[in-house]
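For reference, the structure discussed in these notes is given below.
The values are calculated or read from the model by the stated rules, or taken from the named source; none is laboratory data. For clarity, every value in this text was computed on a predicted model and none was experimentally measured. Cβ coordinates were reconstructed from backbone atoms using ideal geometry, including for glycine residues, and neighbour counts include every protein chain displayed. Calculation scope for accessible area: heavy atoms of the full protein, side chains included, ligands and nucleic acids excluded. Shrake-Rupley method; radii C 1.70, N 1.55, O 1.52, S 1.80 Å.
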Amino acid sequence: MFARLKGIVDEIGADHAVIDVHGVGYLVQASRRTLGALGGTGAAATLHVETHVRENDIHLYGFIDRAERDWFRLLVTVQGVGAKVALAVLSVLDPSALAAAIAAQDARAPARATGVGPKLAKRIVMELKDKAALVGIGAADVAVLAKSIKTPEAAAAVSKPPEVAAFDDALSALVNLGYREAEAAPALRRVAEAAGEAAGDVQILLRGALKELAR
């Protein structure tokens with residue numbers, strides 16, 4: 001089975017690319033994220049590949065990095081999620097954003113993908129949270145949240161007021177997950193205002209901000 005393709009981009013379509021490897025063109029289906037990272041026709045490209053064999057058909061799915069490939073493998077284990085839907089999810093959520101949605105159990109994030117309804121989106125975040133921990137795929141992505149969040153005890157140990165320290169810690173975690181500070185900070189402020197006395201709890205701020213950003 002194919003595991004990687006290294007060649008020249010011959011064609012880029014709405015949902016696929018053709019990679020020329022020593023004169024042989026391989027049609028590879030891919031997410032918009034991967035297609036956008038290829039660099040255009042004539043550019044050198046290396047794709048991690050997942051091969052699916054169905055009866056007389058062989059389908060290649062390409063990914064710009066291993067993280068996206070690993071999440072694809074995990075997504076297709078969810079009931080109701082085939083390769084097409086998995087690519088649709090990865091087209092709207094990069095690995096860090098998908099990990100954040102799973103950690104926050106935010107079903108609205110995958111629901112933005114074509115072909116993903118509310119029920120399927122909820123199943124995705126629920127099943128992937130357990131499966132990621134079980135098989136070790138995506139564990140590093142989900143762990144970014146835990147590593148980026150300081151405990152309440154640590155926050156209290158600094159000179160900043162608890163609500164300020166919590167805001168800073170939550171903002172740092174969101175930036176580490178790939179969100180721009182310009183979009184993350186306003187979301188956090190809205191959550192902090194609504195949280196009232198709970199604004200000093202970094203996890204409440206982070207969960208709320210992830211929901212805001214997923215809208």
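For the range 37-68, which positions are under 22 Å from LEU93 (Cβ atoms) and open to solvent by 70 Å² or more (accessible area, probe 1.4 Å)? Once the filter is applied, which keeps residues that are under 22 Å from LEU93 (Cβ atoms) and open to solvent by 70 Å² or more (accessible area, probe 1.4 Å), the range 37-68 yields only ARG66. Do we find that GLY25 is farther than 26 Å from GLY178 by Cβ and open to solvent by less than 50 Å² (accessible area, probe 1.4 Å) in this structure? Taking the combined requirement at face value, the residue does not satisfy it.
Results for (1) touching a residue at least 60 places away in the same chain (Cβ under 8 Å); (2) in contact with an Asp or Glu (Cβ under 7 Å, 6 or more places away or on another chain); (3) within 22 Å of ILE12 (Cα to Cα), shown as yes or no for each residue.
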| position | (1), (2), (3) |
| --- | --- |
| LEU38 | no, no, yes |
| THR41 | no, yes, yes |
| THR46 | no, no, yes |
| VAL49 | no, no, yes |
| GLU55 | no, no, no |
| ASP70 | yes, no, no |
| ARG73 | yes, yes, no |
| ASP106 | yes, no, no |
| VAL116 | no, no, no |
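Contact map, the range 198-215: first residue of a type in the set (A, V, I, L, M), second residue in a loop (DSSP other than H, G, I, E, B), Cβ cut-off under 7 Å, separation 6 or more or different chains; pairs are VAL202/ILE149; VAL202/LYS150; LEU206/ILE149; LEU210/ASP106; LEU213/TYR179; ALA214/ASP106; ALA214/ARG108; ALA214/ALA109.
The set of residues in the range 163-215 being surrounded by fewer than 18 Cβ atoms within 10 Å (Cβ to Cβ) and of a type in the set (A, V, I, L, M) consists of VAL164, VAL175, ALA182, ALA185, ALA194, ALA195, ALA198, ILE204.
All told, THR34 meets the bar of being among the hydroxyl-bearing types (Ser, Thr, Tyr), part of a helix (DSSP H, G or I) and closer than 21 Å to ALA83 by Cα. Residues in the range 7-31 that are within 18 Å of LEU90 (Cβ to Cβ), among the small types (Gly, Ala, Ser) and part of a loop (DSSP other than H, G, I, E, B): GLY13, ALA14, SER31. The residues in the range 109-155 that are outside any helix (DSSP H, G or I), β-branched (Val, Ile, Thr) and modelled with pLDDT under 65 can be counted, and the count is 3. Would it be correct to say that ASP15 is open to solvent by less than 70 Å² (accessible area, probe 1.4 Å), charged (D, E, K, R) and at negative phi? So ASP15 does not fit the description; no.
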